[in-house]
Amino acid sequence: MNLTQRQLRMFVTTAAVGNISRASEVLHISQPALTRALQEFESQLGVALFLRTTRQLALTPEGERFLPVAQRLLHDLTEAAALIQGEATGQRGSVSLAVGEAFGCTVLPDILHAFVKTHPDVRVRVVNDNSQGITRRVAQGEVDFGIGSPVGRTEALRFTKLLSAPLGLLFNPELHQLKAWVRTEALGDLPLLKESSDTSIVSVLRAQGSDLVAHMEPGVEVSSLALQLAMARAGVGIAVMSALGASHRDAADLRFSPLRPTVQREVFVMQQRDRALSVPARALMEAVVERARGAQVHRLVRFGV
């Protein structure tokens, strides 16, 4: 049995107004056409839905039991159609993305602020993770796309370079005096905060053969940008981070000195190669790529390829 949305709407409307004449006006069809359609609907169901009198239509016991079911079905069909139409235009639906803390705290907020204003009915979920976690979440389909520095490349993912930022040292200028550019061999016994081994910064430093990783080893290990800023400010240690992380508004009273020779951290937008994004997800990803250039970040951050 195939019940149509049109049949359900005619039945529910007629039951609500209790009169063929008024129902036909509401539905914008002729009275004979409505009468015929309702009779065909009853024949299809094999049961009478209405008790017909000369002045009023009343529901049969079967019609009374069927009415709430028909109302629910009609509501669900209408909602489903609105959902699909909304997602097709990018105005409804959901988007999930995984981001690194540096990008998420500096560039992403303004982009999301603009996006939610133009897409108020799109639900956005932002997951913070390190680069290894971001890559894994995207590869496993936990999120629509990710923004970070991939730890290891995989053919299953597509990468679009978003920006590059040099690594350097962030410190409290009232406690430490470092040159505008710093060579690792000149650090001496300065205390460095330790990075977790699975971060992109450690991966980049190891790939460059930098001895900075060994220099960090005795330091206090911290696992978030907020902790790095607080510890650097208190003098617990000097933080190794990119110019992007140093762009955090809470780092305004701290000083950033890039490393020499230059070590770049690259940030990419990553997505599954064989997975088509929904219209809202594609719209947000495009907004990230297009609007990131306007972010107020450290002058050494370079956007694009």
FRET efficiency (A80, A230; Cβ distance; R0 45 Å; to 0.05) is 0.40
Excluding residues on the same chain fewer than 8 positions from K179, give the lysines whose Cα lies under 24 Å from its Cα. K194
Cβ density ranking, 10 Å radius, fewest first, applied to D76, D144, D189, D129 yields D189, D76, D129, D144
Mind jotting down the distance between the C-alpha centroids of segment 191-267 and segment 129-147, whole Å? 22
Cα point-scatterer Debye curve for the chain, base-10 log of I(q)/I(0) at q = 0.07, 0.14 Å⁻¹: -0.46, -0.99
Dipole of the chain [Lys/Arg +1, Asp/Glu -1 at C-beta], most positive-end residue of Q31, L178, V301: Q31
Answer in debye to the nearest 20: the dipole magnitude of the chain about its Cα centre, from +1 Lys/Arg and -1 Asp/Glu charges placed on Cβ, is 700
About the Cα centre of segment 5-89, what is the dipole size in debye to 20, counting +1 per Lys and Arg Cβ and -1 per Asp and Glu Cβ, all else neutral? 320
Roughly speaking, what is the stretch gain from L73 to S21, that is 0.36 nm per residue apart minus the C-alpha to C-alpha distance, in nm to one decimal? 16.3 nm
Expected vector for segment 93-109, Karplus 3J(HN,Hα) from phi with 6.51, -1.76, 1.60 and θ = phi - 60°, integer Hz, x for Gly and Pro, equals x, 9, 9, 10, 9, 10, 9, x, 5, 4, 5, x, 9, 10, 9, 5, x
For the D250, R6 Cβ pair and Förster radius 45 Å, calculated FRET efficiency rounded to 0.05 is 0.15
Calculate the dipole size of segment 88-184 relative to its Cα centre from +1 charges on Lys and Arg beta carbons and -1 charges on Asp and Glu beta carbons; express the result in debye to the nearest 20. 200
Which value in nm describes the separation of the simple spin-label points at F159 and V124, placed 7 Å from the Cα toward the beta carbon? 2.5
Only Cα pairs under 8 Å and at least 6 apart count here; give the relative contact order of the chain as a rounded whole percent. 23
Give the percent of DSSP beta bridges with both residues in the chain that are antiparallel, rounded to the nearest 5. 60
Among the lysines, select those whose C-alpha is under 30 Å from the C-alpha of K117, and discard any that sit fewer than 8 residues away in the same chain. K161
³J(HN,Hα), Karplus 6.51/-1.76/1.60, whole Hz, each residue of segment 241-252, x for Gly, Pro: 7, 8, 4, 5, x, 5, 7, 4, 4, 7, 9, 4
Dipole of segment 59-140, positive end: most advanced residue of T118, A81, T60 [Cβ charges, Cα centre]: T118
In what sequence, highest mean first, do 175-186, 19-30 appear when ranked by Cβ atoms within 10 angstrom? 19-30, 175-186
Mind telling me which of V17, V202, V126 comes out most flexible in a GNM of the chain, alpha-carbon contacts under 10 Å? V17
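Every number in this text was worked out from the coordinates using simple rules, so none of it is lab data. All values derive from a computational prediction rather than experimental measurement. Counting neighbours? That spans all protein chains shown, and the Cβs are built from the backbone with ideal geometry, glycine included.
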